[in-house]
Amino acid sequence: MIERAIALLILTGLFFIFTLLAFFFRHLVYQFLCILVLMVLQGVLYLYLNAEFLGAIQVIVYAGAVLIMFLFTLFLFPEEELKHLKIDLKNLKYSSFLPVALFIFLLLSVLVKGIPESYQPRNIYFDLKEISNLLFNEYWLAIFLLAFILSFPMVALYVFFKREEKSGSS
Amino acid sequence: MERPDVFVPSSYFPILIMLIVAFIFGVGGLIFGALVRPKYYYSLKLIPYECGNEPSGLPWQKITIRYFPIAILFAVFDVEVGLLYAWCYGFSEMKALGFFIMILFLIIILAGFFYDLKKGLLDWQRGI
Amino acid sequence: MALSEGLFWAIFVTLLKIAVVLGIVLLHAAYTVYAERKIIGRMQARLGPMEVGPYGLLQPIADLVKLLFKEDIIPQEAHKVIFQMAPLLVLVFAITNLSVIPFHPSFSIADVNLGVLVILAFAGLGTYGIILAGYSSGSKYSLLGGLRSAAQILSYEIPLGLSLAGVILYAESFRLQDIVASQANSLFGMNVIPQILGFIVFLICAFAETNRAPFDLPEAESELVAGYITEYSGFRMGIFFLGEYISMYVMALLISLCYFGGWTLPIWLTTLLPFIKVIPPTLILILKVYFFIFLFIWVRATFPRYRFDQLMSISWKVLIPLALLNFLWIAFLKWRMLT
Amino acid sequence: MEVLKVLASEYPFYVISGLLIFLGIGIFILKKNLLVAILALEVVFNGINLLFVTASHYLGDPKGKMIVLLTLAVAAGSFAIGLILVVNYYRLKRSLSMEELKLLGEKDEE
C-alpha cells in the first residue's frame, strides 16, 4: 500500500505542476507540450486503476495520434497567431465562477465524506476479454454508430478540400 | 499486514527504471561532452543554415496543406486499430454477431477511406 | 509497514539486467555502423574503413571520440529548451523499447502483458522527438524535413499496426513470449507461412519506421540538406543516429519474434534435421536478428530512394489494403480453427 | 497512517480528474482562441474518462472501462471535425479569435 500511496502522491504533484504550466504558458506550442505530458501521465494513472490496456490505448491514441494531428495543424498557421495568448481577464468576472465552484464542490464533497471505507476495490482483475465480449456482443450498436462517427471526418475533409480548390483557382 | 488487494502495477516498474537509465545515459553523454568540447561561438556561426546565403524570411511560411489530411486519416485509423486490438484479444469468446459487426465496421471505415482516395486527397500530383 | 524489503533487491536485479542488455545492444549498434560501411564498401567494390586499427576495427571508437570533441552549436533562432530535449526523446524511447523484448524464454527486463502495445506506444512518442527537432531549429530545411519525416512515420504506423493485428489475433495475446509460444505450437511453426502478406507489409513498414533506405527521405542530402538534423552538431547529432540504429535492432528483434518464431525452430525442421536441436535458444534469435540487420544494409546498398509522393501512395494505397486483407484471412483461418 | 490510507484510495483520482476538468474549462473560457478551445475540450474529455475508469475500478463493474473505449473513439472523431472547422474558419476570416464569432448571424461588410 505504501508504494501505491507514494506513487500516487508523486503523480498528483506532477499533475498539479503541469496543469499550472499549461495554464500560464503564452506560447501555444509550450502549452500543447504540457498537455501532452498530462495525457501520458494519465496513461500511467490508468495502470494504477488496473486498466493497462486503456493506459496503452490512451498513450497510443491520445498522445500518439490525436495530439500529433493537432501539432500538424499548428504548423499550418503563422507563428504570430500562436505566440501571445494572453489570459483575458474581462471574462474572469462571472464566467469562471462555474468551474471554480465545480472544483471546490468536488474537493469538499470528498472531504466531508471523510476517509472512504470502501477504498478496497471489489473485483480487481481487469480482463480485457470480458470487456471486448461485452462491447462487441452486447453493445454492438455502439460500434455500428462509431463507424459512422469515424467516417464522418473523412467526408468532411473532402468538403474542406473542395473549398480550397475554389479559392486556389480564383 | 498490508492489504494485498490494493493494486500496484509492479510488472511495469522495470520500464520506469529503464526510462530513467536511458535518460541518464543520454544526459551523461552530453554533460561529459560539454566538459571536453571547445566553445568558440561568434554570431556568424549561430545563424540558421541556408546553403551559404543570408537567411531570408521566416521558417513558417510555406507549409503545404497536404499534411493535414494525412494527420486526420492517421488519427481515425489509429482509433480503428485500437478497437481492432480489443476485438482480437477476445476473439475466441466472440459470437457470430460480434464477428460480423467488426467486418461491418471495417467496411464502413474503408468506404469513407476509398471515398477520399477516389476524390484524390492523397494524390500529390493533383494541383491545388 | 516499511517499504517491502524485496524492492531494493528487485531494483538491483533490474539494473543488472539493464546493464547487460544495454551494453550488448550499444556495442552492437556501434559496430553496425562499421559493418554497414564495410558491407556497402564491398558491394561497391571498395574496401571501406581501413585506417584505424587492423581492418579499421577501431573506427567506431574513433567516431565516438570525434563526436564528443565537436562543438555543440545552438542557433539563435532556436527554441532552446525544446531544441536540447528533442534528440534525447528519440534516444530514450528507442532504448526503452528494449525493456519489453524477451531475449530468452525466461529473460526479459520487464515481463508485461502488453509487450507489443508498449512498443507501439513508445514508437508513437518517439515521433515527437523528430517533429519537435524540426520545429525548434528555426530553419526552413529543418521544419520541412521534420514534417516530412513525421508524415512518413505516421503513414507507415497504420499498416504496421494492422499487420501486427494479424499476429495478435493468431496468438490472442499481447505478450511477446505468448506470441512465440503460439507459433511453436502451431502447425506451421512460423507465423510467416500463413501470413506472408502481413510479413511483407511489416518488413516494408520497418524500413520506413526506422528512416532507412529506400525510405530515408529525412536524410535526402540532395533535396533537403539533412532534414531535421540540419542544425544539430556534435554529440546531439550522434544521439539521433544512435537512436536510429537502436530502433533498427528493435525492429529486427520484433520481426524475428513475431514472424520467425523467435528462439524456437519449426517442428518440421527439427524432425527433418534433428541435430539442430542442440543450438541454444538465444543463439537462434541472434542469428535471425543478424540476418535482418544484414537485410537492412543490403537494401540500402541496392535500392534507389523513393520520391515523397510515391512514398505516401505506397503506404495508403497499397499497404493498408494488403494489411487488411491479411487480417481478414487470419480471422477466417482462426474462425475455421475454432469451429 | 490515515494519510496513507487516503492516498491509496480513490481520492487522488478524484482530485486529478477535477483538476483536468478545471484546466479544460478554465482555458476554454479565459483564452479566447479557437485552437485552444478545441484542445481544452479534449482535456475535459480526458478528465471525464478518468472519472469513469475510477468508478469502474472501485465498483468492480467493467462497463465503465468499456465506455472509455467508446469515448476515446468519439473524442478523436470530434477532434478531427473541430480541427477541420477551425482551419476552414481561419481561411475565411484570417483570425483565430473567438470574439469575432459573435458576428456570425450578421452581414459582412464585404
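Numerical summary
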| quantity | calculated |
| --- | --- |
| Which of D:Thr71, C:Thr96, C:Thr32 has the fewest Cβ neighbours within 10 Å, and the rest in rising order | D:Thr71, C:Thr32, C:Thr96 |
| CD proxy at 222 nm, helix term only [per DSSP H run n ≥ 4: -39500 (n - 2.57); per residue of the protein assembly as shown; nearest 500] | -22500 deg cm²/dmol |
| Max mean-square fluctuation residue, GNM over chain D, Cα-Cα springs under 10 Å, options D:Tyr89, D:Tyr14, D:Tyr58 | D:Tyr58 |
| With eigenvalues of the C-alpha gyration tensor scaled by 5 and rooted, the protein assembly as shown, Å | 37, 34, 29 |
| Unsatisfied cross-links (Cα-Cα over 18 Å) in the set B:Lys39/C:Lys66; A:Lys83/D:Lys31; A:Lys129/D:Lys63; A:Lys86/C:Lys80; A:Lys83/D:Lys32; C:Lys38/C:Lys288 | A:Lys86/C:Lys80; C:Lys38/C:Lys288 |
| Sorted by Cβ density within 10 Å, fewest first, the residues C:Tyr34, C:Tyr290 | C:Tyr290, C:Tyr34 |
| Square roots of 5 times each gyration tensor eigenvalue, C-alpha, segment D:42-91, largest first, Å | 30, 10, 4 |
| Average Cα contact separation per residue, chain C, under 8 Å, 6 or more apart, as relative contact order % | 22 |
| Percentage, to the nearest whole number, of Cα pairs in chain C over 37 Å apart | 21 |
| Segment B:64-94-segment A:55-81 distance, computed between alpha-carbon centres (Å) | 15 |
| Residue exposure sequence - C:Ile330, C:Ile284 - by fewest surrounding Cβ within 10 Å | C:Ile284, C:Ile330 |
| Which of C:Tyr141, C:Ser186, C:Leu319, positive extreme of dipole for the protein assembly as shown (C-beta unit charges) | C:Tyr141 |
| Over segment D:2-105, relative contact order from alpha-carbon pairs under 8 Å, at least 6 apart, % | 27 |
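Just so you know, all these numbers are worked out from the coordinates, no wet-lab data involved. Remember, predicted model here, so these are calculated numbers, not experimental data. When we count neighbours, we look across all protein chains shown, and the Cβ atoms used for this are built from the backbone with ideal geometry, even at glycine.
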